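Below is one structure, written out as structure tokens, with a few remarks after it.
The values are calculated or read from the model by the stated rules, or taken from the named source; none is laboratory data. Everything quoted here is computed from the prediction, not taken from an experiment. So basically every Cβ, Gly included, is an ideal-geometry build from the backbone, and we count neighbours across all protein chains shown. Heads up: the accessible areas ignore ligands, DNA and RNA and are worked out on the full protein's heavy atoms, side chains in. Shrake-Rupley method; radii C 1.70, N 1.55, O 1.52, S 1.80 Å.
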Amino acid sequence: MVSLWLPLSLLAQPAVQTIRGMVADRESQIPLIGVNILLTTDQGETKGTITDYDGMYILEKVPVGRQTLEFSYIGYERVLLNNVVVSSGKEVILDLEMEESATQLQEVEVIGMRSGETRNEMAPVSAREFNVEETDRYAGSRGDPGRMASNFAGVQGADDSRNDIVVRGNTPQGVLWRFEGVNIPNPNHFAIPGTTGGPVTILNNKYLENSDFFTGAFPAEFGNGIAGVFDLRMRNGNNRRHEFSGQLGFLGTDVSLEGPLSREKKSSYFLSYRYSTLRLFEFLGIRIGTDAVPVYQDGAFRVNFPDEKGGNIALWGIGGLSKITVLNSELKTAENQTDPYAESDRDQEFGSRMVVVGLTFTRPLNLSTYIKATLSASDQAVFSEHKKILGHSEEGNFILDSLPPVLGFFLEESKFSANAALNKKISRKTTFKAGINADYWLFHSIDSFRTILLDPETGGLDTIGEWRLRWDTDGMGAVMVQPYFQMKHRFSEQFSATAGLTALYFGLNDNSLSPLEPRLGLSYEMNGNQRLSFGYGLHSQIAPPYMYFYGFETKNGDPQEHNLGMGLFKSHHAVLGYDWFIAKVLRLRLETYYQYLFNIPVEKNPSSFSLINTGSGFDRLFPDTLVNEGTSRNYGLELTLERFFSQGYYFLFTASVFDSKYRGSDEVLRNTTFNGRFAVNGILAREFTFSKGAALNVGGKVTYAGGRWQGEVDRAASDALQDIVYIDETVNTLQARPYFRADLKIAFRWNRPKTLHEFSIDMINVSNRKNVLLKTYVANHPSGDNIRETYQLGFLPIFYYRVEFGLGNKIPSKSAGE
């Protein structure tokens, strides 16, 4: 009888968990002893503790749910964190940095850091911390940092099928991805050269820490980007107990495992792996509407070793593989032609890979100084092969004759990177940081194609053209160096200023040097809950590396690399901001900006082409000779009204009005492709809590934005090339109708005593609205019109089930007073 009742008694126990972590000085990384931590539960109950000699704190038996934490310390600004999600499956490890106040010997009433504010103190404007939990919470985000960021003011998605983002009308190419202090390749599956997004992210929010996102005038430590920055951090594994997390979802099935390597030395490990669920469906014989099943897998690891002198060494890595094969030749000969790709005239195979491995070392040198250095090696490659489908019809059936290859390419970029920085607190008012980012690139590329002409009367083979080589680069190398210096001075508790200098050098040619790029920021606090801020920066960036080596013409069988001399394109960016913390959990932000871009690559011969309009989609560029003579300008006004999660609900409303124009080499002022002129986002969610730690979250998102710009199609030229060609004089004179999308997300989470279960369904585009994306060319379309409109994604439900639990018993803890 006892054995029958025991499981029921365990189920009746209230679900609780542990919150723990370390508190350190922001500037020196020295642990802080005696910091007061006050936890307020969503039921209004309080629990407190203090940090020990090592700066560590532990709060045990915390009820599951959304909690609030407040950190206070004599001589330091308070830190207030709302919406800390506590579940029964895994411990909450929350490490924190506190900033010393500008005045002495008092507990400062100014709140130094709130939820949503960046960890980087050198960024007074156009910056926001994104909480990892937000990547799951926001409807339509799919656990993806890029899609999550498209909810912020001034940021839009470029294509529903991809996660490229447009920041303030800029090309998505201008977004910089940084991971653990080093610049990394595009962290997405099926990545196209010259883009910073893709259909599926390689990143997994299971191993990310809360990180920063910047949309302009960013600090001097960031180089080679003119639009925005993702500054991502990787968390350590749990060093007290082993924990498991598993997730089955439409976009991937993943598992992760973490735990201590040595409890005495506090070292830990973290492992993560994900495999394409669609591929698993194929193995099981489940049809998903297409035979072109994307196959991808990705993983990550981190092993962390603290040392006795307060330092830390971490070896880490992330990477992914992806491949898709579209065999239209088989579909054309099959009786049941249900595949949406069946109109294509070729078989296609496309694949990509990306990997980064790094070693990060951090150590305080004394009570006011610490250093951080990272060494990494990365590789990114894409490959593809196309075969033309040639056949004839007999009695209404398609008979395949042959599959001659017409295109093949392999493009690879390898990179060895180093980042080193020294952070020094000169006084409680003044801090400086100096460092260097250095990369050594190696380029490998091969690309060739040929033209196959069909008889216009019979549709049969007429002529097979000769192969033409467009890329042929083997091991060419180049160095990139970006030194920087930045300083912050606090004149008072209310007024502070940041200033920095950086430079950028790319050694591929003599035109890629930006010797001096100033950065400036000002911040003034008013009445404790309002703030005025200003930021300015001169930024520069290289063109996508593959474009330097493209040969528009071929001589003696070799491509003529006519763009090797392309220089940097640059941007002046100024921002004025106003923040009003209306209440403890309610914030209003207004920002206005002006950005002038110059030295943008445009074609040497007069045309409308500009690199500012590229960077999204699945196509590479094949431009004629480019020169750095283009210009562009962006200006706009952005509004954010955000209520952080409290009392069971939250909302985020953002709106922006902007204008984005450019000039190509024809000197005509045009709309950029991404000049939607307005964008509005609204997110609202309500959480209903039940007994025993269960919760139901219902949330929705609505987006309404101006459409993208295109031109009139040159039908004769398009038929000749079998690709879309616009009449140059009309480029970006026609705007698609406004974009509208509504998403709905429902998630149910229930906490058992030691295990978390969560089921969620994310319904994308619930109204199934057909949002126009662009025009495309479809050869031999049955309607007779080969120019077709393509649309963004229709209604798409995405589900996942997640489970988390600890393995074995955690080690006993000691309170700070023991």
How much of ASP472 can a 1.4 Å solvent probe reach, expressed as accessible area in Å² and rounded to 10?
70
At 1.4 Å probe size, with no ligands or nucleic acids counted, give the accessible surface of THR49 in Å², nearest ten.
30
Any idea what angle helix 2-12 forms with the longest principal axis of the chain, computed on alpha-carbon atoms, 0 to 90 degrees, nearest 10?
80
With the Cα gyration tensor of segment 590-631 giving a ≥ b ≥ c as the square roots of its eigenvalues, does the rule (a/c under 1.5 for rounded; else a/b larger than b/c for prolate; else oblate) give rounded, prolate or oblate?
oblate
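Under a 1.4 Å probe, what is the accessible area of segment 560-653 per residue, stated in Å²?
39
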Carbon and sulfur: what percent of the chain's accessible surface (1.4 Å probe)?
58
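Where Rh denotes the Kirkwood radius from the mean inverse Cα pair distance, what is Rg over Rh for segment 362-460?
Details: Rg = 28.5 Å, Rh = 19.3 Å.
Result for segment 362-460 is an Rg/Rh of 1.48.
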Under a point spin-label approximation (7 Å from Cα along Cα-to-Cβ), what is the TYR53-ASP510 distance to one decimal in nm?
6.3
Which order do the peptides 223-229, 16-22 come out in when sorted by mean C-beta neighbours inside 10 angstrom, highest first?
223-229, 16-22
Would you mind counting up the charge near THR431? Only other residues with Cβ under 10 Å from its Cβ, with Lys and Arg at +1 and Asp and Glu at -1.
+4
With an 8 Å Cα cut-off and a minimum separation of 6 or more residues, compute the relative contact order for the chain in percent.
12
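Given +1 on the Cβ of Lys and Arg, -1 on the Cβ of Asp and Glu, and no further charges, what dipole in debye does segment 293-449 carry about its Cα centre, rounded to the nearest 20?
Working: 16 positive and 19 negative charges, 436 e Å.
Using only the charged Cβ atoms, the result is roughly 2100 debye.
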Using a 7 Å offset from Cα along Cα-Cβ at LEU793, what residues in segment 586-620 end up with backbone N under 15 Å from the label point?
617
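Is there a quick way to get the dipole size of the chain? I mean about its Cα centre, with the Cβ of Lys and Arg at +1 and of Asp and Glu at -1; what is the value in debye to the nearest 20?
So the dipole magnitude of the chain works out to roughly 3060 debye.
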Quote the accessible area belonging to ARG531 in square angstrom, nearest 10, computed with a 1.4 Å probe and with ligands, DNA and RNA left uncounted.
30
Given the -39500 (n - 2.57) contribution per DSSP H run of 4+ residues, what per-residue ellipticity at 222 nm results for the chain, rounded to the nearest 500 deg cm²/dmol?
-1500 deg cm²/dmol
With the crude spin-label approximation of a point 7 Å out along Cα→Cβ, what separation in nm comes out for LEU422 versus SER646?
4.3
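Over 29 Å between C-alpha atoms is what I'm after, so list which of LYS61/LYS265; LYS388/LYS770; LYS206/LYS775; LYS206/LYS266; LYS47/LYS745; LYS570/LYS604 land there. Show your work: numbers first, answer last.
On the way: LYS61/LYS265 25 Å; LYS388/LYS770 31 Å; LYS206/LYS775 38 Å; LYS206/LYS266 21 Å; LYS47/LYS745 33 Å; LYS570/LYS604 18 Å.
Exceeds cut-off: LYS388/LYS770; LYS206/LYS775; LYS47/LYS745.
Could you order ILE74, ILE727, ILE165 by accessible surface area, starting with the largest, using a probe radius of 1.4 Å? Display every interim value, and only then the final one.
On the way: ILE74 105, ILE727 55, ILE165 10 Å².
Listed by decreasing accessible area, they come as ILE74, ILE727, ILE165.
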Starting with the highest mean, order 733-743, 139-149 by the number of other Cβ atoms within 10 Å, averaged over the residues of each peptide.
139-149, 733-743
Descending packing, highest mean Cβ count within 10 Å first, for 93-100, 131-138 is 131-138, 93-100
Take the alpha-carbon positions of the chain, form their convex hull, and give its projected area averaged over all directions (one quarter of the hull surface) in nm².
36.2
How large is ³J(HN,Hα), in whole Hz, for each residue of segment 716-728 in order, when computed from phi with the Karplus curve 6.51 cos²θ - 1.76 cosθ + 1.60 and θ = phi - 60°, using x for Gly and Pro?
5, 5, 5, 5, 5, 8, 6, 7, 5, 10, 9, 5, 4
